[in-house]
Amino acid sequence: MRRAERLHIPAQIALAALVAYLLGYGFTSLFPGYLPKIGALWSAISAIVVTQGSRKDTAASASLRVLGSAIGAITSAVYLTLLPFHPLGMALTIFAAVLICNAINVPSHGRLAAITVIVIMVTASLDPSLSPGLNALLRFAESCIGTGVAVLEVVLWPATAAAAAPSSPGPRP
């Protein structure tokens, strides 16, 4: 593998994280009190998780991210609308989110749903006055921002010989 090919994925991940961070921060800043640094962090994490070695793998990873994040956001919003943050409640909400993923036959989305639950629940614990619905919606939107940045970047990034080669099965977690 040539040096340029070895730098391909690290460069994509770093650039996607930077762009997603900046966009996530700017987006969440539009909502006073809703922790723009958390929005930036969550957008960057999403971009990192979704960025893969090929367009096909990135698209597969993006679908996992969006659906998993939606399930995690919805279950978190329901819990936080009914009850305040509590670590046991967070664990039960993770259980429910993963159970939903299994029930609708997308078990591979469960991990990302669980991660989304944790981010929303911890954010709620930092500021209990946040609206549960808006908090969950913002975290979902930030996840979509990072996902969109990763997909767009992989589509626009010039392909290398390694990136054009068949990839390993399944996306990275």
With the condition kept exactly as written, say whether any residue in region 128-135 is assigned to a helix (DSSP H, G or I) and farther than 19 Å from Y34 by Cα. no
Filter pass, L112 being part of a loop (DSSP other than H, G, I, E, B) and either surrounded by 17 or more Cβ atoms within 10 Å (Cβ to Cβ) or touching a Phe, Trp or Tyr at 6+ places or on another chain (Cβ under 7 Å) (or both): no
How many residues does region 119-163 hold that are farther than 17 Å from L83 by Cα, of a type in the set (V, I, T) and surrounded by 17 or more Cβ atoms within 10 Å (Cβ to Cβ)? 6
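Here is a yes/no grid of residues against (1) under 16 Å from I145 (Cβ atoms); (2) hydroxyl-bearing (S, T, Y); (3) part of a helix (DSSP H, G or I):
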position	(1), (2), (3)
F31	yes, no, no
W42	yes, no, yes
S46	yes, yes, yes
V49	yes, no, yes
K56	no, no, yes
S61	yes, yes, yes
A70	yes, no, yes
T75	no, yes, yes
V78	no, no, yes
Taking A62, is it surrounded by 22 or more Cβ atoms within 10 Å (Cβ to Cβ), among the small types (G, A, S) and over 23 Å from L152 (Cα atoms)? no
Options L35, L67, L7: the member that is hydrophobic (A, V, I, L, M, F, W, C), at negative phi and surrounded by 15 or more Cβ atoms within 10 Å (Cβ to Cβ): L67
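Values in this text are rule-based calculations from the coordinates and carry no lab data. A quick note: this is a predicted structure, and the numbers were derived from the prediction, not measured. Neighbour counts are summed over all protein chains in view; Cβ atoms, including those assigned to glycine, are modelled from backbone coordinates with ideal geometry.
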